[in-house]
Amino acid sequence: RRRRVFSAVAEPGEARLAMRGDVDIAADEVLAAAYAEATAAGATRVVLDFANVDYINSTGIALIVRLLAQARRDHREVIALGLSDHYREIFRITRLSDYLTIADTTSAAPVPEEAAR
């Protein structure tokens, strides 16, 4: 079983949730708690760091959808960082990319997926 560690690292107005291993049903409580901690700290921008994620299954996608719904309700910006080309395509196909910004990991500033093509 892979270890899933989500950590909220707050910057002024920003929280980075660094994920490790697999994003699946076992990540549910940890991801929800990390998001709640980040928002309680006043983050208006949430960065989902996928750089160390090995696998995201359909349940993991559903967890991300739920997080995006909460962020949208609360008027929080969400950025995905470190997605592999495969998961960039999955996010595009599932239209998750319509509700978050996919950042280019080679630059400090997020680059919308449309601009990265």
Given the criteria open to solvent by 40 Å² or more (accessible area, probe 1.4 Å) and in a strand (DSSP E or B), does ASP49 qualify? no
Would you check which residues across segment 52-81 are within 10 Å of the chain's Cα centre (by Cα) and either without any contact (Cβ under 8 Å) to a residue 24 or more places away in the chain or not in a helix (DSSP H, G or I) (or both) and list them? VAL78, ILE79, ALA80, LEU81
Tell me which residues, restricted to segment 1-25, are more than 12 Å from the chain's Cα centre (by Cα), modelled with pLDDT of 65 or more and either over 18 Å from GLY60 (Cα atoms) or open to solvent by 80 Å² or more (accessible area, probe 1.4 Å) (or both). GLU11, PRO12, GLY13, GLU14, ILE25
Of the residues in segment 23-46, those that are among the hydroxyl-bearing types (Ser, Thr, Tyr) and in a loop (DSSP other than H, G, I, E, B) come to THR44
Considering each residue of segment 19-48, count those that are among the hydrophobic types (A, V, I, L, M, F, W, C) and under 13 Å from VAL78 (Cα atoms), and give that number. 5
For ALA41, are the conditions met, namely being out of contact with any helix residue (DSSP H, G or I) (no Cβ under 9 Å at 6 or more places or on another chain) and surrounded by 21 or more Cβ atoms within 10 Å (Cβ to Cβ)? no
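The values are calculated or read from the model by the stated rules, or taken from the named source; none is laboratory data. A quick note: this is a predicted structure, and the numbers were derived from the prediction, not measured. Glycine gets a Cβ as well: all are built from the backbone with ideal geometry, and neighbour counts include every protein chain shown. Note: areas computed on protein heavy atoms with side chains; ligands, DNA, RNA excluded. Shrake-Rupley method; radii C 1.70, N 1.55, O 1.52, S 1.80 Å.
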